[in-house]
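K.L.:
Sharing a structure with you now.
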Protein chains: 2
Amino acid sequence: MQPHAENRARLKRRPLLLALALSAVAQAAPAPRPTGDALAQHGASAASACASCHGASGEGTVASGSSRLAGLPAAYLLEQLNAMAAGSRASAVMAPLARALTTGQRTQLAEYYGSLPLPGQPRGAIATGLDDRLALEGRWAQEIPPCVQCHGQQGSGVGNFPPLAGQGANYLAAQLHAWRDGTRRGDPLALMQKIAARLSEADIRAVADYFSAQPVPPAASAHGTAAAPAAHAPDAHGLFRPSDEPIPDTEFGKVVRFGRDVFENPGKYAARYVGNDLRCSSCHLDAGRRAGSAPMWAAYVSYPAWRAKNGHVNTYAERLQGCFRYSLNGSAPPLGDPVLVALETYSYWMARGAPVDPEIAGRGYPKPGKPPQSPDRTRGGQVYARSCVFCHAADGGGQRDNHGNPAFPALWGANSYNWGAGMVNVSNAAAFIKSNMPLSQGDTLSDQDAWDVALFVDSHERPQDPRYTDSVAHTRSLYHDRDDSMYGQVVQGYLLGSRAPSPGRRPPPTAAH
Amino acid sequence: MQPHAENRARLKRRPLLLALALSAVAQAAPAPRPTGDALAQHGASAASACASCHGASGEGTVASGSSRLAGLPAAYLLEQLNAMAAGSRASAVMAPLARALTTGQRTQLAEYYGSLPLPGQPRGAIATGLDDRLALEGRWAQEIPPCVQCHGQQGSGVGNFPPLAGQGANYLAAQLHAWRDGTRRGDPLALMQKIAARLSEADIRAVADYFSAQPVPPAASAHGTAAAPAAHAPDAHGLFRPSDEPIPDTEFGKVVRFGRDVFENPGKYAARYVGNDLRCSSCHLDAGRRAGSAPMWAAYVSYPAWRAKNGHVNTYAERLQGCFRYSLNGSAPPLGDPVLVALETYSYWMARGAPVDPEIAGRGYPKPGKPPQSPDRTRGGQVYARSCVFCHAADGGGQRDNHGNPAFPALWGANSYNWGAGMVNVSNAAAFIKSNMPLSQGDTLSDQDAWDVALFVDSHERPQDPRYTDSVAHTRSLYHDRDDSMYGQVVQGYLLGSRAPSPGRRPPPTAAH
């Protein structure tokens, strides 16, 4: 992961910057750290010392359910203090304490605890045989994404999505109850309120137990516990859903599992072929299983097929190559490469039981309705600020989790899909967004919003089309000659594509496999 | 096809040799040709001149339904004269004439007409829009193989299976009626009697019209009219059957069609990768559609899969490569080669509508029952002489049609599958034979017969295992260390594999694609 070191450092700074941009109190001048330290250890006027419940190092107290504060994002901590003072996060103990603090003191405390190192070991006993399916796989049939999709691998935290790893199970369960019962509010897009409302008591216990047992700070061993695909309820619309049979512990199963690992983290498991921070599951939610999110089982039963993009019949393996070249802005693994074989095998595994049918219901993204008005970039920017920025960041660069793994994909810029990708087609982006975004809230945006924000996203610079020939104008004439692509069009005086970063910035070290 | 010239010449001689071996009257010394000529043109004692009905050149008379004799196999003609004399082929006109001829005269006439050149043009009007499905595709759901499977491409004739091309439609229809009504008998294994009994009047007319319109001698353009897959009745056992939807006239359809062409004649359409005269459809009947005959739709939905043969997960494309290397005794087309893409696409086309399921009913060959007695080569040889020799020839070398295209596959020898092929497993050969042989008479052999003849076939020398290492003994220990393979075993004092021809005698001219 070395090539990413600089990038990661940049991303690490982003949560706070983002929080400052979003928070109404961000203009308060930060006090010097010693003040926060003194407040924490000794309290102030009507506020008792934080350390008395949260521990001398902010490590929390498992039994009492007082949370760990050390290493949580400062902006998140500040929001919590403000929310508890205002009552939008109900806490009988904390409300009077928070109200006793000035805005400046809250900021000082948030920065102090945010600066403390995370404890080195999990605080809960490491349990074995935990039910990690909801945490790792979610239950998309009920619009429950996996917790790790926002909170990072092993719950390591992503930007303003707080780390869950190593928090006490009682505390985690209490918070899920609070979201569910409405005694905790104010989360962006009401994400947690809506998700928590769909959880059973058993779900809450499983999730709380799982994350309390995860190590912090996490080692690089991170990804890939051998979790079985989640058991799915039959789809309400009669669409195919992959079996919930566990991946077998066989040689075949090993390849399926490796395919799933690549799918979830190609930058780690197929590093030589990947040139950005996207994951396969960035565009194919639920690890490629979700109907209407270009599920891989539907793609699998749709190939070989003729493609206009390259003018010949493509096998499934060749189709996968295209994803690496364009969407992942990398280079195509050679046919027969273990990465391609594993992805094909993982797709086949998911497709078991589906009919071979290029028109299978649930494939691709459902076409959104035509918008009442022509798509508009300005309106799209407003949608973005309202519904997308929290995860994808104001600069469109996405966010990594605290392990350094891609979490929220970059939507433009050097780290996003290149100008050759299918998502460059505004209609395609609108289709994906309408059905799937914001995460777990698909079909909540209007058709107009979906088209507007798709146009906004696709009107930004990104890596060059790898098929670039001669000039932007010529390349547009060859591959983009349609309203649906902004490549080669002028936006606010800027010719899109004209200063595009070179594509595929991580070519494989050797040409042949 | 140049590398086959010598081979073809050898095969051209075979029908007569075979006929001599089979015919009870073969010992009659052949008379000099002028005698046959004189008999044909002028008749003898009680027999009127053949030419008066069959034409001066043996070309036949379309209107009267008198058949073309020129260029038919001499052995076949002799059998017909004998049959008409004996009454097993009923003909009011011909019976007294045939009886008036001596055995010697019949032989002279047969040899005379057999030596005449085939007429250069079709005798019937070339009709367009003919229904060629039964002729080219058969209707396997009723155990009707395509006529061309035995009579050669375009009905050009294979050994003792007479040419049909350019015979008058009335004559052809009359013969099918005769087979069906039992007024013509004596065909090997009662093949034609059984098949004709399954034909409707419309079937008979379609077949007669089709073959009467085929050119003789056929040009090299031969194979591959764009016939749609035959319409199949739903399978009686509820097994999947490929759709009868015509292959579309699209770029995709072109690849499907090319795949079918390769499947039916790999030696022509994938020549550089093929080292023998087998066709894909030699082991996968009905062009890969037939359940219980290792249908390609079932294989398609069964891969990727782990294979013991090479110890890793194989994609469908890699599995196809194995067929070229072993069963076709050639070399593996590189991944992405148009031949592999087309075969995968053709398989996908057939699989549409099937569930993705590695255990799909109808896959592979049904396992035969264990035989009451241990399989025995001597008994197997008797089964072979009784039920197999007519098509596969006494030397196991198979037969080509009069176009030079492979018709009946070689079962051993230099032109057969090599020692690495799956059919080398006696159990596999027994399974195929039990369910599928003799052609259109599957499941008529006893389990004992199937095992015996499988052992007999697989106890002959064939091209070397391409994985050969060091010695036959060592190669056996690596790849054949089981009772099921005769490789490296001693049969009648001969060590099988010890003088095996080199495998893959047609390597591709260049290494890479």
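The values are calculated or read from the model by the stated rules, or taken from the named source; none is laboratory data. The structure displayed is predicted, hence computed values, not measured ones. Using ideal geometry, Cβ is built from the backbone for each residue, glycine included, and neighbour counts are taken over all protein chains shown. Note: areas computed on protein heavy atoms with side chains; ligands, DNA, RNA excluded. Shrake-Rupley method; radii C 1.70, N 1.55, O 1.52, S 1.80 Å.
K.L.:
Residues A:Ala287, A:Ala294, A:Ala299: which one is more than 11 Å from every other protein chain (Cβ to nearest Cβ), part of a helix (DSSP H, G or I) and at positive phi? Give the steps one after another, and end with the answer.
P.N.:
Numbers: A:Ala294 fails: part of a helix (DSSP H, G or I); A:Ala299 fails: at positive phi.
None of the others qualify; the one that does is A:Ala287.
K.L.:
Okay, moving on. Identify, from the list B:Ala85, B:Ala74, B:Ala135, the residue that is modelled with pLDDT of 85 or more, in contact with a helix residue (DSSP H, G or I) (Cβ under 6 Å, 6 or more places away or on another chain), small (Gly, Ala, Ser) and farther than 30 Å from B:Ser243 by Cα.
P.N.:
Details: B:Ala74 fails: modelled with pLDDT of 85 or more; B:Ala135 fails: farther than 30 Å from B:Ser243 by Cα.
Going through B:Ala85, B:Ala74, B:Ala135 in turn, the sole match is B:Ala85.
K.L.:
In the stretch A:95-106, which residues are under 23 Å from A:Ser64 (Cβ atoms) and surrounded by fewer than 19 Cβ atoms within 10 Å (Cβ to Cβ)?
P.N.:
Pass one, the stretch A:95-106, residues under 23 Å from A:Ser64 (Cβ atoms): A:95-101, A:106.
If the condition is that a residue be under 23 Å from A:Ser64 (Cβ atoms) and surrounded by fewer than 19 Cβ atoms within 10 Å (Cβ to Cβ), then A:Ala95, A:Pro96, A:Arg99, A:Ala100 are the ones that fit.
K.L.:
Another one. Looking only at residues that are β-branched (Val, Ile, Thr) and farther than 21 Å from B:Val426 by Cβ in the stretch B:465-513, which one is modelled with the lowest pLDDT? Break it down into steps so the answer makes sense when it comes.
P.N.:
Filtering the stretch B:465-513 down to residues β-branched (Val, Ile, Thr) leaves B:469, B:472, B:475, B:490-491, B:510.
With the extra rule that they be farther than 21 Å from B:Val426 by Cβ, the set shrinks to B:469, B:510.
Numbers: B:Thr469: 96, B:Thr510: 46.
Step by step, filter the stretch B:465-513, then rank; the result is B:Thr510.
K.L.:
Another question, then. Report the residue count in the stretch A:149-178 for those that are in a helix (DSSP H, G or I), open to solvent by less than 30 Å² (accessible area, probe 1.4 Å) and hydrophobic (A, V, I, L, M, F, W, C).
P.N.:
The qualifying residues number 6.
K.L.:
Now a separate question. Could you tell me how many of the residues in the stretch B:342-356 are over 26 Å from B:Arg467 (Cβ atoms), open to solvent by 10 Å² or more (accessible area, probe 1.4 Å) and either under 23 Å from the mean Cα position of the chain (by Cα) or facing chain A (nearest Cβ under 7 Å) (or both)? Quick ask: steps written out before the conclusion?
P.N.:
Of the stretch B:342-356, the ones over 26 Å from B:Arg467 (Cβ atoms) are B:342, B:345-346, B:348-356.
Checking the rest, the ones that are also open to solvent by 10 Å² or more (accessible area, probe 1.4 Å) come to B:349, B:352-353, B:355.
If we keep only those that are either under 23 Å from the mean Cα position of the chain (by Cα) or facing chain A (nearest Cβ under 7 Å) (or both) as well, we get B:352-353, B:355.
Residues flagged as over 26 Å from B:Arg467 (Cβ atoms), open to solvent by 10 Å² or more (accessible area, probe 1.4 Å) and either under 23 Å from the mean Cα position of the chain (by Cα) or facing chain A (nearest Cβ under 7 Å) (or both) within the stretch B:342-356 amount to 3.
K.L.:
Is it the case that B:Asp443 is without any contact (Cβ under 8 Å) to a residue 24 or more places away in the chain, surrounded by fewer than 24 Cβ atoms within 10 Å (Cβ to Cβ) and within 17 Å of the chain's Cα centre (by Cα)?
P.N.:
Answer is no for this residue.
K.L.:
Here's a follow-up. If only one of A:Arg363, A:Arg319 is outside any loop (DSSP other than H, G, I, E, B) and of a type in the set (D, E, K, R), which one is it? Lay out the reasoning, then the answer.
P.N.:
Numbers: A:Arg363 fails: outside any loop (DSSP other than H, G, I, E, B).
Every option except A:Arg319 fails the conditions.
K.L.:
If you don't mind, there's one more thing I want to ask. Run B:Ser374 past the list (1) without any contact (Cβ under 8 Å) to a residue 60 or more places away in the chain; (2) more than 8 Å from chain A (Cβ to nearest Cβ); (3) under 24 Å from A:Ser302 (Cα atoms); (4) over 27 Å from the mean Cα position of the chain (by Cα) and report the number of the one that doesn't hold.
P.N.:
It fails just one condition, (3).
K.L.:
Residues B:Gly364, B:Gly369, B:Gly381, B:Gly336: which one is touching an Asp or Glu at 6+ places or on another chain (Cβ under 8 Å), away from chain A (no Cβ under 14 Å) and either in contact (Cβ under 8 Å) with a residue 24 or more places away in the chain or surrounded by 24 or more Cβ atoms within 10 Å (Cβ to Cβ) (or both)? Quick ask: steps written out before the conclusion?
P.N.:
Details: B:Gly364 fails: touching an Asp or Glu at 6+ places or on another chain (Cβ under 8 Å); B:Gly381 fails: touching an Asp or Glu at 6+ places or on another chain (Cβ under 8 Å); B:Gly336 fails: away from chain A (no Cβ under 14 Å).
Checking each option against the conditions leaves just B:Gly369.
K.L.:
Also, I was wondering about something else. Can you confirm whether the stretch B:405-427 contains a residue that is surrounded by fewer than 22 Cβ atoms within 10 Å (Cβ to Cβ) and polar (S, T, N, Q)?
P.N.:
Yes, there is a match, as at least one residue in the stretch B:405-427 is surrounded by fewer than 22 Cβ atoms within 10 Å (Cβ to Cβ) and polar (S, T, N, Q).
K.L.:
Filter the stretch B:471-487 down to the residues that are open to solvent by 60 Å² or more (accessible area, probe 1.4 Å) and of a type in the set (Gly, Ala, Ser) and list them by number.
P.N.:
Result: B:Ala473, B:Ser477.
K.L.:
Next up: Within the stretch B:256-307, which residues are open to solvent by 10 Å² or more (accessible area, probe 1.4 Å), closer than 18 Å to B:Arg139 by Cβ and among the aliphatic types (A, V, I, L, M)?
P.N.:
B:Ala291
K.L.:
Tell me, yes or no, whether the stretch B:260-271 has at least one residue that is polar (S, T, N, Q) and more than 14 Å from every other protein chain (Cβ to nearest Cβ). Break it down stepwise before answering.
P.N.:
To start, the set of residues in the stretch B:260-271 that are polar (S, T, N, Q) comprises B:265.
Imposing the further condition that a residue be more than 14 Å from every other protein chain (Cβ to nearest Cβ) reduces the set to B:265.
Within the stretch B:260-271 (the criterion being polar (S, T, N, Q) and more than 14 Å from every other protein chain (Cβ to nearest Cβ)), the answer is yes, since at least one residue qualifies.
K.L.:
Select from the stretch B:450-464 the residues that are of a type in the set (Asp, Glu) and crowded, with 24+ Cβ neighbours inside 10 Å and write down the one among them that is nearest to B:Ser502 (Cα to Cα). So that I can check it myself, show each step before the final result.
P.N.:
Going through the stretch B:450-464, the residues of a type in the set (Asp, Glu) turn out to be B:452, B:458, B:461.
Going one step further and asking which of them are crowded, with 24+ Cβ neighbours inside 10 Å, we end up with B:452, B:458.
Values: B:Asp452: 27, B:Asp458: 18 Å.
Applying the filter and picking the extreme gives B:Asp458.
K.L.:
Can you tell me how many residues in the stretch A:239-259 are away from chain B (no Cβ under 14 Å) and touching a residue at least 60 places away in the same chain (Cβ under 8 Å)?
P.N.:
Keep residues of the stretch A:239-259 that are away from chain B (no Cβ under 14 Å), which gives A:239, A:244, A:246.
Filter once more, so that each one left must be touching a residue at least 60 places away in the same chain (Cβ under 8 Å): A:239.
Qualifying residue count for the region: 1.
K.L.:
Out of the stretch A:366-396, which residues are within 21 Å of A:Ser440 (Cβ to Cβ), not in a loop (DSSP other than H, G, I, E, B) and not charged (D, E, K, R)?
P.N.:
A:Val383, A:Tyr384, A:Ala385, A:Ser387, A:Val389, A:Phe390, A:Cys391, A:His392
K.L.:
Separate question: Do we have A:Phe324 as free of Cβ contacts under 8 Å to residues at least 60 places away in the same chain, more than 10 Å from chain B (Cβ to nearest Cβ), surrounded by 22 or more Cβ atoms within 10 Å (Cβ to Cβ) and not polar (S, T, N, Q) here? Working first, answer last.
P.N.:
Numbers: free of Cβ contacts under 8 Å to residues at least 60 places away in the same chain: yes; more than 10 Å from chain B (Cβ to nearest Cβ): yes; surrounded by 22 or more Cβ atoms within 10 Å (Cβ to Cβ): yes; not polar (S, T, N, Q): yes.
Yes, satisfied.
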